[in-house]
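S.K.: Below is a structure I'd like to ask you about.
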Amino acid sequence: MTLNFAHRGSLTEAPENTIPAFQKALEHGAKAIELDIQLTKDNELIVSHDHHFRRHNHEITGNIRDYTLEEIKEIDVGSGFDEKFAGTSLSTLDEVLDLCPSEILLNVEIKNIPVIYEGIEKILLGTLSNHNRLDNLIISSFDHVALKNVQQLNSDIPLGMLFYYRVLNAWDYANKSGLNITSIHPNQVYTDQTFVQECKKLGYKVYPYTVSNWERYEEMLNFGVDGVFSNSPEIFGEK
Ligand code: G3P
Ligand code: CA
């Protein structure tokens, strides 16, 4: 059975990675949700793909790391998407955890690109623990050192290894990493049957990103993937 992730919530229908986007994903029946985290000046976890605000609001200069949570909550990230979302702010991870029921598989991606947030792993695990949300969870990152840091803090957490570029025998790299990798998350552009089968021989699940076209999705299913990250409600809400 495949399990598809609503990528940054339902980003075609609401500002990505915000509460309205996650609400939409849940309304579509998503069983798995992906989100990205960054750290504020006062070390609070904010859900955002970028380390800056420009995707949502061009008037805000600087980076998330330069602003406190209180300041960030004053920033409108909704009206650039659609006036009906005016006043929407970036969400804290706490807010998303309050929203998402425990039966939803949550994939928290530690961004750490290009800003390296020292200590983000400990803050993340503390937040997840406070919400009793250490199950039905995958922590992923392109920063494999961050994955190692998570494992050193809690060796029970399933880790997802993200790859942006093609890596020679990525499955062997994962296998030799010494990390508790349970899933490999490759860029869909180079995901093919060999890639999927080699990963699966080693027991890894494979979740390519981002697959929003139905024909490409069917190709992925034929390769044997366990699911995909998708922007398409038709795919992530598939029954
Ligand atoms: O986690 C899958 C995917 O979200 C990784 O790429 O750039 O969309 O965060 P990106
Ligand atoms: Ca992501």
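S.K.: When only Cα pairs under 8 Å and 6 or more residues apart are kept, what is the percent relative contact order across region 165-207?
M.R.: 45
S.K.: Reachable lysines from Lys239, Cα under 25 Å, same-chain residues fewer than 8 places away excluded?
M.R.: Lys24, Lys31, Lys200, Lys205
S.K.: Using a basic spin-label model with each label point 7 Å from the Cα along Cα→Cβ, how many nm lie between Val189 and Glu27?
M.R.: 3.3
S.K.: Continuing with the same structure: How large is ³J(HN,Hα), in whole Hz, for each residue of region 220-234 in order, when computed from phi with the Karplus curve 6.51 cos²θ - 1.76 cosθ + 1.60 and θ = phi - 60°, using x for Gly and Pro?
M.R.: In residue order, the calculated couplings are 4, 4, 5, 5, x, 5, 8, x, 9, 8, 9, 8, 9, x, 4 Hz.
S.K.: What are the residues whose amide H is under 5 Å from the amide H of Ile138, where those residues sit 5 or more places off or on another chain and H is modelled from the backbone?
M.R.: Leu106, Asn107, Val108
S.K.: Note the per residue figure in Å³ for the convex hull of the C-alpha positions in region 61-173.
M.R.: In region 61-173, the Cα convex hull volume per residue is 151 Å³.
S.K.: If you don't mind, another one. For Asn132 paired with Leu99, estimate the spin-label separation in nm (one decimal), with each label point 7 Å from Cα along the Cα-to-Cβ line.
M.R.: Calculated label separation equals 2.2 nm.
S.K.: Out of residues 5 or more away from Asn112 or on other chains, whose amide H comes under 5 Å of its own, with H placed 1.01 Å from N in the peptide plane?
M.R.: Tyr117
S.K.: Please get the size of the charge dipole for the chain, origin at its Cα centre, with Cβ charges of +1 on Lys and Arg and -1 on Asp and Glu, quoted in debye to the nearest 20.
M.R.: Once rounded to the nearest 20, the dipole reads 740 debye.
S.K.: Just the number, please: Stokes-Einstein D of the chain in µm²/s, Kirkwood Rh from C-alpha pairs, 10 °C, 1.306 mPa s.
M.R.: Translational D for this selection: 88 µm²/s.
S.K.: Which residue, chosen from Leu99, Ala170, Val228, occupies the Cα position most advanced towards the positive end of the dipole of region 5-236, where the dipole is computed from +1 (Lys, Arg) and -1 (Asp, Glu) charges on Cβ about the Cα centre?
M.R.: Of the candidates, Ala170 comes out farthest on the positive side.
S.K.: If I take the Cα coordinates of region 48-122 and project them onto the principal axes, what are the three extents in Å, biggest first?
M.R.: Largest first, region 48-122 extends 34, 29, 20 Å along its Cα principal axes.
S.K.: For Cα pairs less than 8 Å apart in space and 6+ apart in sequence, what is the mean separation divided by the residue count of the chain, i.e. the relative contact order in percent?
M.R.: Reported relative contact order: 21 percent.
S.K.: Starting from the 7 Å offset along Cα-to-Cβ, what nm value, one decimal, do you get for the label separation of Arg166 and Gln152?
M.R.: It is 3.4 nm.
S.K.: Also, I was wondering about something else. Lys122: which aspartates and glutamates have alpha carbons under 18 Å from its alpha carbon, excluding same-chain residues fewer than 8 sequence positions away?
M.R.: Correct list for Lys122: Asp36, Asp42, Glu44, Asp94, Glu109, Asp135, Asp143, Asp156.
S.K.: So for each of 22-28, 191-197 I average, over its residues, the number of other beta carbons within 10 Å; can you give me the resulting order with the highest mean first?
M.R.: Answer by packing, highest mean first, reads 22-28, 191-197.
S.K.: Using a probe radius of 1.4 Å on heavy atoms only, what accessible surface per residue do you get for region 5-236? Whole Å² is fine.
M.R.: 45
S.K.: Carbon-plus-sulfur fraction of the accessible area of the chain, 1.4 Å probe, in percent?
M.R.: 46
S.K.: Please turn the phi angles of region 49-64 into ³J(HN,Hα) values with the Karplus equation 6.51 cos²θ - 1.76 cosθ + 1.60 (θ = phi - 60°), one per residue in order, whole Hz, x for glycine and proline.
M.R.: 5, 9, 8, 10, 9, 4, 4, 9, 8, 5, 7, 8, 8, x, 10, 3
S.K.: Moving on. Which of Phe142, Ile72, Thr127 sits closest to the plus end of the dipole of region 1-142, meaning its Cα is farthest towards the positive end, when Lys and Arg get +1 and Asp and Glu get -1 on the C-beta?
M.R.: Going by the Cα projections, it comes out as Phe142.
S.K.: Related question: As I understand it, the dipole of the chain uses +1 on the Cβ of Lys and Arg and -1 on the Cβ of Asp and Glu, about the Cα centre. Which of Thr210, Pro20, His56 lies farthest toward its positive end?
M.R.: Thr210
S.K.: Would you mind checking which residues have amide H under 5 Å from Asn63's amide H? H placed 1.01 Å from N; only 5 or more apart, or other chain.
M.R.: none
S.K.: Is it possible to state the helix-based mean residue ellipticity at 222 nm for the chain, with each DSSP H run of 4+ residues giving -39500 (n - 2.57), the sum divided by total residues, to the nearest 500 deg cm²/dmol? What is it?
M.R.: Rounded to the nearest 500, the figure is -8000 deg cm²/dmol.
S.K.: For region 122-131, just list the computed ³J(HN,Hα) in residue order, Karplus coefficients 6.51, -1.76 and 1.60, θ = phi - 60°, integers in Hz, with x standing in for Gly and Pro.
M.R.: 5, 5, 4, 5, x, 5, 4, 5, 4, 8
The values are calculated or read from the model by the stated rules, or taken from the named source; none is laboratory data. Note that the structure is a prediction, hence the values are computed from the model and not measured. Virtual Cβ from ideal backbone geometry, glycine too; neighbours counted across all protein chains shown. For accessibility, only protein heavy atoms count, side chains too; no ligands or nucleic acids. Shrake-Rupley method; radii C 1.70, N 1.55, O 1.52, S 1.80 Å.
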